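Each reported figure results from applying straightforward, stated rules to the coordinates on display, with no laboratory input. Remember, it's a predicted structure, so these values are computed and weren't measured experimentally. Positions of Cβ are generated from backbone atoms using ideal geometry, with glycine treated the same way; all protein chains shown enter the neighbour counts.
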Amino acid sequence: MNTKNFFAAIGFLLIFTGVIGIGIHQNLQRIPSQPIHALKAAREALEKHDLETFRKYVNTDAIIETAAKEILTAQINSEMNPTAYSMDDIKNRYENQLKPDFINTAQAALDEYILADKVNFPDNLTDAQRFLKKSGITSCEIKSFSKPNLVGNEMISAVIFYNSYMKFSFEIEVEIEPDEKVGWRITAAKGFEDYYNGYRSALRRKLNSLNMPISRQMDEIFKVKSFKVKSSEGDEYGFSKTLNISLKADVYSKKPLSKVIGNIILIGKDGKENFSPFAIDMIDSSQGIQTFEITKTLNPFIRADVDAMKHGLRKKDLHIEVTEIIFEDGTNLKLLDQLPE
């Protein structure tokens, strides 16, 4: 069994082979005998393509559920403007579209690989399938494995992975618990949002290089000069705040403009970025130096936003980027948002 290939197939379940893979034998010896038996049994099930036994020692349903929640929450927070959607809209999209797609994709990939050593995707990919293929999951390798610690009745270990294709590291924490039927079982893993955030940041670095010529063209049309930020209370319950941003830009276009679209980027103390999209209606706007008002809702469940609410907003932690300019005739200039095939 090629452990690295298993990473490629089971994108959202990387951690399983991280715990049971070849090459961490010394770490496994530090775990008490019963957890070692569970890990070895799961590893043998992978090598024998025994899906039934693998599931006895690994709670795949629970881990996929956690991965779905963590990754999709990070995705929603990065790509959906909370001021443009009601909570019901966001919940409906998560429960009825994103979550089922993610879970079905991860479960199918896991089952197919364990049984057949491969995963086949259709020509028309779903969002989850596309993410699995585009995020460079095939290049992920274990870089380090922490000494397992006993916390209550659980064994907890942290595994550091490195994605050599996108060039970022991420950490997954696993839990191994006593089980009445098989002794010990891998029951949980968390930290999957680190994979999504690492992928998104790495993607931006790669795309920035490709987008430089387009950015120069856009700057000639809509050049952000400066901005001022004031905060105000957000929702009626006091759980969030709103950033009111006065954006000064130099506008010059030979063709009438329709919209300017971009992101408000907030960087937390841990270096993680949170993206909030904005759109400015440019119809009938004048040229030259103009001031535009945009807003960002600070989400109390996002680290970067919480840092801003608790410790105040440092100007260097907030950036404004323009990603698309749309003209009235329907043409546009747009930054690449995915790598070319």
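By the Cα gyration tensor, the stretch 210-334 has an equivalent ellipsoid whose semi-axes, rounded to whole angstrom, run 29, 15, 12 from largest to smallest. In a simple Cβ point-charge model (Lys, Arg +1; Asp, Glu -1; nothing else charged), the stretch 210-334 has a dipole of about 520 debye relative to its Cα centre. Computed over neighbours whose Cβ is under 10 Å from that of residue 221, the net charge equals 0, Lys and Arg +1, Asp and Glu -1. Across the options 256, 242, 282, the greatest Cα extent toward the positive end of the charge dipole of the stretch 210-334 (unit charges at beta carbon of Lys, Arg, Asp, Glu) belongs to 242. For the stretch 317-334, 3J(HN,Hα) computed residue by residue from phi via the Karplus equation (6.51, -1.76, 1.60; θ = phi - 60°) reads 8, 10, 10, 10, 10, 9, 10, 7, 10, 10, 8, 5, 7, x, 6, 7, 10, 9 Hz, glycine and proline entered as x.
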